[in-house]
Amino acid sequence: MMLLKDLTSLEDGEYFGFPVGAGLGCFVDESTNDLYLKMIDQFYSENPDKNYYDDLLAKEFEEYSSKSEFSSEIGDWNNHIIDNQKKLNIIMFSSGWGDGYYPTYWGYDEIGSTIELTIDFLFSFDEE
């Protein structure tokens with residue numbers, strides 16, 4: 001079922017978006033997300049004193065993107081492989097400004113199929 005939101009239903013200053021916690025966002029499909037959540041549960045069940053980000057993801061972020069001129073020293077994006085055989089992955093990225101709620105807009109074609117996603121990370125350039 002496709003859920004379409006009407007922008008005219010918003011009040012001034014309101015927008016549709018997604019919440020960010022820990023300063024990270026991601027792109028993932030539903031089946032990969034379901035498997036990821038099972039992996040997280042298993043990880044914490046087997047490692048109650050560990051932290052998935054600190055113990056696994058931080059190293060991946062650093063190895064994947066920290067050497068890019070467009071990234072911070074700790075890495076700003078990562079291709080987190082969930083199942084290599086099934087080719088399931090999650091593209092994770094820093095939201096840049098940390099926790100918050102970021103405006104998100106889906107573009108649809110004339111028959112209602114999704115054709116684009118636009119996220120406003122509330123970044124602006126200072127003009128000189």
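The values are calculated or read from the model by the stated rules, or taken from the named source; none is laboratory data. What you are looking at is a predicted structure, and each value in this text was computed from that prediction instead of being measured. Quick reminder, even Gly has a Cβ in these numbers, built from the backbone with ideal geometry, and neighbours come from all protein chains shown.
Tabulated data
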item	result
Leading residue by the ranking (modelled with the lowest pLDDT) among those in the stretch 78-104 that are of a type in the set (Phe, Trp, Tyr) and more than 25 Å from GLN42 (Cβ to Cβ)	TRP97
Count - residues of the stretch 4-26 that are of a type in the set (Phe, Trp, Tyr) and under 16 Å from ILE91 (Cβ atoms)	1
Residue count for the stretch 27-41, restricted to those that are closer than 12 Å to ILE91 by Cα and either basic (Lys, Arg) or assigned to a helix (DSSP H, G or I) (or both)	2
Residue in the stretch 23-37 that is of a type in the set (Ser, Thr, Tyr), without any contact (Cβ under 8 Å) to a residue 60 or more places away in the chain, surrounded by 10 or more Cβ atoms within 10 Å (Cβ to Cβ) and in contact with a helix residue (DSSP H, G or I) (Cβ under 8 Å, 6 or more places away or on another chain) present	no
Any pair with Cβ under 7 angstrom, 6 or more apart, that starts in the stretch 98-118 at a residue that is among the charged types (D, E, K, R) and ends at one that is surrounded by 12 or more Cβ atoms within 10 Å (Cβ to Cβ) and in a strand (DSSP E or B)	ASP99/VAL20
Subset of the stretch 58-76 (residues that are closer than 12 Å to GLY23 by Cβ and either in contact with a strand residue (DSSP E or B) (Cβ under 8 Å, 6 or more places away or on another chain) or surrounded by 14 or more Cβ atoms within 10 Å (Cβ to Cβ) (or both))	PHE61, SER72, ASP76
